[in-house]
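Beneath this line is the structure, given in structure tokens, with notes to follow.
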Amino acid sequence: MKSFRFDVPNVICGLLFIALALFFGMQSFALDLGTAFRMGPGYFPFMLACCLGLFGFILIIQSVRVEGEAIGHIAWRGMLFILPAPIFFGFTVRGLGFVPALFLTALIASFASNRMKPVTAVVLATGLTIFCYLVFSYALNLPFRVLGPWLGY
């Protein structure tokens, strides 16, 4: 008779996902959840917490069947550029305005890849900024400052 074997990193990761899902799910109950047709401010965080919990359960189930593999190279460069990008956007969007903050955020995040060249990064950030400006300003008609007070507007 064979015994169950667990891949320890996957079990730990799955339990961490479930713990975070429970924490954020409980926090979302402090807000009005609403319904699927009339979403309250707590609806989206609650749904994200449910998805995170589901991913945790999937990881734990897969850890029973899968033999452990060595963890490969950690992408430090990706973490160094991807993680601070939305934080930078949050801190600068009111001061710089939507367009410059989004452009700089996309530029910062684009350098997470080793293969990204500066000219390609600028083109990518410009295209993403134009697309987001058209979607949020014209298609969704959201009121936001295009240029902020730090730039004299």
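To the nearest 20 Debye, how big is the dipole of the chain about its Cα centre, given +1 on the beta carbon of each Lys and Arg and -1 on that of each Asp and Glu? Walk me through the numbers on the way to the answer.
Numbers: 9 positive and 4 negative charges, 47 e Å.
Result for the chain is approximately 220 debye, rounded to the nearest 20.
If one takes the longest principal axis of the Cα atoms in the chain, at what angle in degrees, from 0 to 90 and to the nearest 10, does the Cα axis of helix 98-110 lie?
40
What accessible area per residue, rounded to a whole number of Å², is obtained for the chain using a probe radius of 1.4 Å?
Computed with neighbouring chains in place, this is 74 Å² per residue.
According to the square roots a ≥ b ≥ c of the eigenvalues of the Cα gyration tensor, what is the shape class of the chain, taking rounded for a/c under 1.5, prolate for a/b larger than b/c otherwise, and oblate for the remainder?
Working: a/c = 3.01, a/b = 1.50, b/c = 2.01.
Cα axes put the chain in the oblate bin.
Using the per-residue mean of other Cβ atoms lying within 10 Å as a proxy for protection, in what order, highest first, do the peptides 14-24, 92-102 fall?
Put in order of decreasing packing, that is 92-102, 14-24.
Considering only protein heavy atoms and a probe of 1.4 Å, how much of the accessible area of region 64-152 is carbon and sulfur, as a whole percent?
Carbon and sulfur together cover 72 percent of it.
For the Cα atoms of the chain, what angle does the longest principal axis make with the long axis of helix 118-133, in degrees from 0 to 90, nearest 10?
For 118-133 against the chain, the angle is about 80 degrees.
Please report the relative contact order for region 57-153, taking Cα pairs under 8 Å with a sequence separation of at least 6, and give it as a percent rounded to a whole number.
Answer for region 57-153 is 32 percent.
The values are calculated or read from the model by the stated rules, or taken from the named source; none is laboratory data. Because the structure is predicted, anything quoted here is derived from the model rather than measured. Ideal geometry is used to build each Cβ from the backbone, glycine not excepted, and the neighbour counts take in all protein chains shown. Please note that ligands, DNA and RNA were not included when accessible areas were found on the heavy atoms of the full protein model with its side chains. Shrake-Rupley method; radii C 1.70, N 1.55, O 1.52, S 1.80 Å.
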